[in-house]
Amino acid sequence: MTSTSHLEDESEEEELIQSNTDPWIKHLSTLWDTRFEQREPPTDDKVVQINLGNETNPKPIFVSESLSPSEKKDLVSLVREYIDVFAWTYEDMPGLDPQVAMHRLNINPDVRPVKQQQR
C-alpha cells in the first residue's frame, strides 16, 4: 500500500516554493517590510493643548512644543479656518449610525451578576 500523505506534503511544499517566486508575493512582501518593519518610531515630542472653542464648548487641539511660535500661529490659524471639518462631539457627526459609536457590553440581562472572590 502506498501512503498519499507523503505526496501531499511534497505538493504543499512545491506550492509554497512557487509562491515565493511569484512576483506579486514578492511585491506584497516588500510592501509589508516597508510599511511595518522599516518605519521610524513615533516621536516623543511634548505637546501643548490649545482650546479653539470656549469654556462651555471646548475644542482642544494638541500642538508640538518644538514648533516655532510662527509655525504654531500658522497651524492654529489653519485649523480655525477649517474648524467646521472636525467633529468635536457625537452631535457634530449627523448621519453616523449609533451602533458604530456606542459602547455595548455583551451580557445577558436576565442573568444575575456574581461578585468574584478577591485574592
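The values are calculated or read from the model by the stated rules, or taken from the named source; none is laboratory data. Just so you know, these numbers come straight off a predicted model, no measurement behind them. Note that we place each Cβ from the backbone using ideal geometry, even for glycine, and neighbour counts take in every protein chain shown. Only protein heavy atoms, including side chains, enter the accessible area calculation; ligands, DNA and RNA are left aside. Shrake-Rupley method; radii C 1.70, N 1.55, O 1.52, S 1.80 Å.
Restricting Ser70, Ser66 to those that are modelled with pLDDT of 80 or more, part of a loop (DSSP other than H, G, I, E, B) and among the hydroxyl-bearing types (Ser, Thr, Tyr) reduces the list to Ser66.
Pairs meeting the criteria (first residue in the range 52-71 and within 18 Å of Asp92 (Cβ to Cβ), second residue of a type in the set (D, E, K, R) and surrounded by 10 or more Cβ atoms within 10 Å (Cβ to Cβ), beta carbons under 8 Å, at least 6 apart or on different chains) are Leu52/Lys59; Leu52/Arg80; Gly53/Lys59. Output the residue which, of all residues in the range 91-119 that are open to solvent by less than 90 Å² (accessible area, probe 1.4 Å) and part of a helix (DSSP H, G or I), is farthest from Asp45 (Cα to Cα). Taking the candidates together, the pick is Pro98.
For first residues located in the range 80-104 and closer than 17 Å to Phe62 by Cβ, partners that are outside any helix (DSSP H, G or I) and among the small types (Gly, Ala, Ser) and lie 6+ apart or on another chain with Cβ distances below 8 Å form the pairs Trp88/Gly53.
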